[in-house]
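Participant: This is the structure, below, for whatever I ask next.
The values are calculated or read from the model by the stated rules, or taken from the named source; none is laboratory data. Computed from a prediction, not measured in an experiment: that's the story for all the values here. A quick note on method: Cβ atoms are made from the backbone with ideal geometry, for glycine too, and the neighbour counts reach across all protein chains shown. Please note that ligands, DNA and RNA were not included when accessible areas were found on the heavy atoms of the full protein model with its side chains. Shrake-Rupley method; radii C 1.70, N 1.55, O 1.52, S 1.80 Å.
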Amino acid sequence: DVYKRQGLMFIGGFWHDPNEDAVIYFVNEILPLITGQLPDIVLHVIGSNMPESIRSLASEHVKPVGYVPDVTGYFESCRVFVSPLRFGAGMKGKVGQSIAHGLPVVTSSIGAEGMMLENGRTALIADTPKDTAAAIVRLYTDEALWERVGSDALQHLEANFSVHSAESRIAKIFSRHPVTTPVHAR
């Protein structure tokens, strides 16, 4: 039941500058827009090498947790995963990890890179503080949307990023281009 879940979650190693920037940006620019509508909301910030700039954000709405050996409990108890990255490149493991745990994601266009996510279907994607806050409140309070986005994202992950889908793509490549043993190797 979605309503048994509480709070927001961010995960990322803080040796990586985009994660520190994302959390500071979220807490300063986005979270105040959310707490006006959801006054009891809490952001759980999980990640190794947490700097003082993140620890100092601790408040009734921000819990800088730090490194957690097994994050499963957070993925299973939080209601929305946030990834408001403003820079960085490549596929974001944190987004895939959240989807794999069935936790719907609100992310930026940069956070969605490489995952072929579709706004409104497999994630909510927003790039301004106002749009991000609205997407989080919407996903947090709309059970049908929460269920649909979580389910569609999990199907998307399975179809495009699972071991089975990778094996299928590799098999197709080799069936079109059979491997032959060079004459001198026989």
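Participant: Residues of the range 97-107 being more than 22 Å from residue 24 (Cβ to Cβ) and surrounded by fewer than 17 Cβ atoms within 10 Å (Cβ to Cβ), which ones? Explain how you work it out, then say what you get.
Facilitator: So the first thing to find is which residues in the range 97-107 are more than 22 Å from residue 24 (Cβ to Cβ), and the list is 99-104.
Result: 100, 102.
Participant: With the checklist (1) outside any helix (DSSP H, G or I); (2) at pLDDT below 95; (3) of a type in the set (S, T, N, Q) in hand, flag the one item residue 97 doesn't pass.
Facilitator: Answer for residue 97: the failing condition is (1).
Participant: Being of a type in the set (Ser, Thr, Tyr) and more than 24 Å from residue 152 (Cβ to Cβ) is the filter here; which residues of the range 50-96 pass it?
Facilitator: Residues of the range 50-96 that are of a type in the set (Ser, Thr, Tyr), as a first pass: 53, 56, 59, 67, 72, 74, 77, 83.
Matches in the range 50-96: 53, 56, 59, 67.
Participant: Further question on the same structure: Can you pull out the residues in the range 1-26 that are touching an Asp or Glu at 6+ places or on another chain (Cβ under 6 Å), under 22 Å from residue 67 (Cβ atoms) and in a helix (DSSP H, G or I)?
Facilitator: Looking only at the range 1-26, we keep the residues that are touching an Asp or Glu at 6+ places or on another chain (Cβ under 6 Å), and these are 2, 14.
Of the ones still in play, those that are also under 22 Å from residue 67 (Cβ atoms) are 14.
Answer for the range 1-26, where residues must be touching an Asp or Glu at 6+ places or on another chain (Cβ under 6 Å), under 22 Å from residue 67 (Cβ atoms) and in a helix (DSSP H, G or I): there is none.
Participant: Restricting the search to the range 76-94, which residues are modelled with pLDDT of 95 or more, surrounded by fewer than 20 Cβ atoms within 10 Å (Cβ to Cβ) and not basic (Lys, Arg)? Please lay out each step first, then the result.
Facilitator: Taking the range 76-94 first, the residues modelled with pLDDT of 95 or more are 76-86.
Adding the requirement that they be surrounded by fewer than 20 Cβ atoms within 10 Å (Cβ to Cβ) leaves 76-77, 86.
Those that are modelled with pLDDT of 95 or more, surrounded by fewer than 20 Cβ atoms within 10 Å (Cβ to Cβ) and not basic (Lys, Arg): 76, 77.
Participant: If you don't mind, there's one more thing I want to ask. Please go through the range 27-80 and pick out each residue that is of a type in the set (D, E, K, R) and part of a helix (DSSP H, G or I). Quick ask: steps written out before the conclusion?
Facilitator: Within the range 27-80, the subset of a type in the set (D, E, K, R) is 29, 40, 52, 55, 60, 63, 70, 76, 79.
Selection gives 29, 52, 55, 76.
Participant: If you don't mind, there's one more thing I want to ask. Can you pull out every residue in the range 14-30 that is open to solvent by less than 40 Å² (accessible area, probe 1.4 Å) and either modelled with pLDDT under 95 or aromatic (Phe, Trp, Tyr) (or both)?
Facilitator: Narrowing the range 14-30 to residues open to solvent by less than 40 Å² (accessible area, probe 1.4 Å): 14, 18-19, 21-23, 25-27, 30.
The answer is 14, 25, 26.
Participant: Of all residues in the range 108-133, which are part of a helix (DSSP H, G or I) and surrounded by fewer than 18 Cβ atoms within 10 Å (Cβ to Cβ)? Lay out the reasoning, then the answer.
Facilitator: Initial filter on the range 108-133 (part of a helix (DSSP H, G or I)): 109-112, 129-133.
Those that are part of a helix (DSSP H, G or I) and surrounded by fewer than 18 Cβ atoms within 10 Å (Cβ to Cβ): 109, 130, 131.
Participant: Would you point out which residue out of 33, 57 is more than 19 Å from residue 146 (Cα to Cα), open to solvent by 10 Å² or more (accessible area, probe 1.4 Å), touching a residue at least 60 places away in the same chain (Cβ under 8 Å) and more than 16 Å from the chain's Cα centre (by Cα)?
Facilitator: 33
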